[in-house]
Amino acid sequence: MSEIMAVLKRQKRSGNRSVLPGFGVGMGVTVFYMSLIVLVPMSALLLNQTGLTWEKFWSVAADPRVLASYRVSLTTAALAALADTVLGLLLAWVLVRYDFPGKKLWDALIDLPFALPTAVAGVALTAIYSANGWIGSLLEPLGIKAAFSPLGITLALMFIGIPFVVRTVQPVLEDAERDTEEAAATLGAGRWRTFRTIILPTLIPPLLTGFALAFARGIGEYGSVVFISGNMPMKTEIAPLLIMSKLEQFDYAGATAVALLLLLISFVLLLGINILQHWTRKTAR
C-alpha cells in the first residue's frame with residue numbers, strides 16, 4: 001500500500017494525474033480509429049455532392065413508398081429485437097445455470113449468425129419457410145404465410161440478432177454471485193420472487209444493450225432479408241433494399257436522402273435506448 005501511495009505522490013509532483021500510463025497515446029489512437037472508421041464515412045454521407053437539396057430531401061422523405069419501407073424495417077427490427085431479448089435471456093440462462101450433453105456445441109452454435117454469410121442465411125431461411133419448405137409447409141395449412149411477408153422478415157432478423165443478446169447477458173450471469181440468491185431462498189423467497197427482485201434488476205442493463213445491438217443490426221440488415229421478404233413495394237420492401245434500388249437507377253440524391261433519414265431515425269432511437277440504459281444502471285446502484 002505504501003508503494004502505491006509513493007507512486008501516486010511522484011505522479012502528482014511530476015504533473016501527471018493519470019494513474020494508468022499511456023493515456024494520451026491510447027486516446028489519440030482511439031480518436032484516430034473512430035474518425036477513420038466512423039466519422040469520415042458519416043461526414044462523406046452528409047457532405048457528398050449528389051445534387052441533394054432540401055426540396056429533394058423532403059420530397060423523398062415524404063414519398064409513400066419510402067415511408068412504407070421505413071415502417072417495415074423499423075417494425076420488424078423492433079419485434080425481432082424484443083423476441084431476441086426474451087429468447088436470448090432464456091438461452092443464456094440455460095447455458096450458464098445448467099450442464100447437459102453437447103453444451104459446448106450449443107454454445108458455439110450461438111455465434112453461427114456471425115460467421116455465416118448473410119446471403120447464405122437468407123437463402124436457407126427462404127427455403128425453410130417457403131410454402132414447400134420444412135416449416136413453411138406446416139404453417140401453410142394453418143393460414144400462416146412465413147416467407148415473403150413481414151413475419152418472414154422478423155424471423156430472419158431474429159436469426160441474425162440473437163447472438164447479440166446472448167453474448168451480452170451471458171457474462172453477467174456467469175459473474176453473478178449466488179450468495180444473495182441462497183440468502184433469499186433461506187428467508188423463504190420462492191424462485192420466481194428471487195428472480196424478479198434479485199436477478200432481473202442486474203440483467204436489465206445487459207438486456208437493454210442486447211436489444212439495442214439487435215435492433216441496430218436489424219434496421220440495416222440486407223443480405224438475410226432480401227430473399228425472404230419478397231421485395232414487394234408498400235408491403236415487404238425494406239429501407240436498405242430501397243437504397244440499393246435507387247443506386248441501381250443512378251438516383252444518388254434519392255439514395256442519400258433515404259440513407260440520411262434512416263441514419264437519423266436509428267440515431268434517435270439508439271440514443272433513447274442508451275439514455276434508458278444509463279438511467280437503469282444509475283437507479284440500480
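Where a number appears in this text, it was derived from the coordinates with a stated rule and is not lab data. What you see is a predicted model, and the numbers here were worked out from it, not measured in a lab. Every residue, glycine as well, gets a Cβ built from its backbone with ideal geometry; the counts of neighbours run over all protein chains shown.
Remark: spin-label model distance residue 30-residue 248 equals 4.2 nm, labels positioned 7 Å along the Cα→Cβ axis. Calculated FRET efficiency, residue 177 to residue 263, Cβ-Cβ distance, R0 = 35 Å: about 0.30 to the nearest 0.05. Using a cutoff of 8 angstrom between alpha carbon atoms and counting only pairs six or more residues apart, the relative contact order for the stretch 54-284 works out to 33 percent. Each of residue 192 and residue 231 was given a label point 7 Å from its Cα along the Cα-to-Cβ line. The distance between the two points is 4.9 nm. At 25 °C and 0.890 mPa s, grab the translational diffusion coefficient of the stretch 68-133 from Stokes-Einstein with a Kirkwood Rh over Cα pairs, rounded to a whole number in µm² per second. Taking Rh from Cα pairs, D becomes 170 µm²/s. Mean projected area of the Cα convex hull of the stretch 70-218, taken over all directions, amounts to 10.9 nm².
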